[in-house]
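Have a look at the structure below before the remarks.
Any read-out appearing in this document is the output of simple, stated calculations on the displayed coordinates, not a laboratory observation. Owing to the predicted nature of the structure, the values given are computational and were not obtained by experimental measurement. For neighbour counting, all protein chains shown are included, and Cβ atoms are generated from backbone atoms with ideal geometry for every residue, glycine included.
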Amino acid sequence: MPASHPTEASIWDLRKADLLSSLARPPQHSFFHTGRLTTLASASRRFPDRLLAESLAQMVNSVTGQKVLLVQMVPSETGAAAKVWNPLHSMPNNGFAFAEQLEHLVSFDRLTLRVTNQSAERPFLSAVFGHCGRHFDQVLLLLDANAPRQALAEAVARSSATYVLVQQTVDSLFEFNQLDRELRAARDGIKTDLKLLLCLEHGEVPQPAEDFIKQIGQPAHLNLHESPANMDALHSHCGGVWPTAFKFDLRRLAREIGRCRVGLALSSGGAKGLAHVGVLQVLEENGIEVDVVAGTSMGAYIGALWAFGHDGQFLGRKARELEGKWGLLKLIDPAFPPRRGFIHGHAIRERLERSIGDSRFEQLARPLHVVATRFDTLERVVFSTGQVSRAVHASCAIPSVFVPVQINGDTYVDGGVSDPLPVDVLREAGVERVIAVNIIPTPAFLRCAREHEREQVEVRRRGFSFLHLLNQQINYFAYGNILDVTQRAVIGGQIRAAEDACRQADVVLRPLACDSRWHDFSSPSKYISLGRRVAEENLADIKQLVNRKEPAHEHQAPHHELAAAA
């Protein structure tokens, strides 16, 4: 009988066996440099994910200055997919095996891989991903909703992070739950850390985090505001260009992938905390983008306004509404009898709500963390879900001055008691670059302030002042009286904690003035100007921090022997 001709499938089996044999050789070095792999998957069949991935790749290159490769994986039949692996079989020495298939775009390269859902392909995918990581600093692996699950499972296993695009539709949420189940099955029940990117259309409000968790099992990692629902919406409503809010969120995601996010920690400090406003104004004027804000007490109040979307100029106008001798009275709602505090704090909360309404954390323009202290245990509590104004009210509840605040059955006081400068909150959230604004004075600075106070007393003693004497007797806020004593005791416990936090920050701003008082809201412009001056003096360091380009190579062991050989 004449010899039968080999079929395309049998040729693929022979090539596969040959390639397995050649790739199974142990690597000469047990460690090698590799770039960062990130998977971007879609749980929506409508969203323009490819266009988003291309914009993201461009932004990653912009914020890191590194070589970026976008790998698009598309489903294919077995016979067509077999040709994909040929370049690996005859790899040039130290060269990129898929150089001929690369599309060289303006700021990144693109490679299209045709893959099937066969489990036998996973070792080859692992080899390809490892090979790409050896030649590029950042590798983005894009898989749309139709991508084979075996390819997605291997991409997830190889990646440092996996982001899933989700829309607030029944179909998209169902697609995500199904994807999650299939990934667990493909990984033998191992849970996958999927970071949800919630794509919000124009005017769409995100569900409360509690409801979203009930549906999905986890909160959204990042909201992409003003997301076009599909390609038609992008061209008809946006003229083919991403909306500004969407680009801002996408750039924040690019900085997260590039490990160069910028966080801003705003300390407590009472009226002196208005210096935060001046710092924010300077950051805005110089195009310094901040990805995450963490605030305590006054820092939480200012941070909430800014995270909501109000700019520094608006914050300045709101602060100047308190200007004048009696400005403080606008913030006082006396508690009678003053059993747990002299002030309820409802006036401060209502004032905040006039600017941000009853917004929840998930609705803010940028992520915000608010620090408060649980009264019973004195432990730090970080709010990042729920109603913003309630969390800020708790964070501002200075002991003895304000009545403690109740939230969901727990009692809270000022966040400055447990964490006056929340740098560690940002570090725990994975933020790589931190700017800290510290209003907490040091003992040396307090000595300076006391000397200034004595000089003022000497000036007043030259002429008898009945009003000054009366103020000293009946004003609980006057120097040495009960509220001043309580506040100084709190600051005494904050000084060391704040200094420890400063050592964890990359840039520290200290807008301090010897003639400042924690309850002096009558001269907001003085503190705002002080914040501006200190920020401008340190602007070079801030820009150097934000614009610093760092290599993304990591010293890692091979994930798989095939990947090592590649």
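Peptides 334-345, 152-163: what's the order by average Cβ count within 10 Å, highest mean first?
Details: 334-345: 14.8, 152-163: 21.8.
Packing proxy ranking, top to bottom: 152-163, 334-345.
Divide the volume of the convex hull around the Cα atoms of region 147-221 by the residue count and you get 94 Å³ per residue. Relative intensity of region 105-256 on a log10 scale, I(q)/I(0) at q = 0.16, 0.17 Å⁻¹, equals -1.05, -1.17, per a Debye sum over C-alpha point scatterers of equal strength in the absence of solvent.
Counting Lys and Arg as +1 and Asp and Glu as -1 over every other residue whose Cβ lies under 12 Å from the Cβ of S44, the net charge comes to -3. Scalar couplings 3J(HN,Hα) for region 152-161, obtained by applying the Karplus form with A = 6.51, B = -1.76, C = 1.60 to θ = phi - 60°, are 5, 4, 5, 4, 4, 5, 8, 8, 6, 8 Hz; x denotes Gly and Pro.
Annotation: amide H of H369 within the under-5 Å range of V293, A294, G295, sequence separation 5 or more or interchain, hydrogens built in the peptide plane.
Among residues other than R360 with Cβ under 11 Å from its Cβ, the summed charge is -3 (Lys and Arg +1, Asp and Glu -1).
Remark on V115: its backbone amide H falls under 5 Å from those of V74, S76, a criterion applied only to residues 5 or more positions apart or on other chains, H modelled at 1.01 Å from N.
For region 171-321, the Kirkwood radius over C-alpha pairs fed into Stokes-Einstein at 25 °C and 0.890 mPa s yields D = 135 µm² per second.
Over all other residues within a Cβ to Cβ distance under 10 Å of L280, the charged ones net out to -2, with Lys and Arg as +1 and Asp and Glu as -1.
How would you classify region 269-389 from its alpha-carbon gyration tensor, with a ≥ b ≥ c the square roots of the eigenvalues: rounded for a/c under 1.5, else prolate if a/b is greater than b/c, otherwise oblate? Oblate. Loop-located GluC sites (Glu not before Pro) in region 258-316 (DSSP state not H, G, I, E or B) with no more than 15 neighbouring Cβ atoms inside 10 Å: E289.
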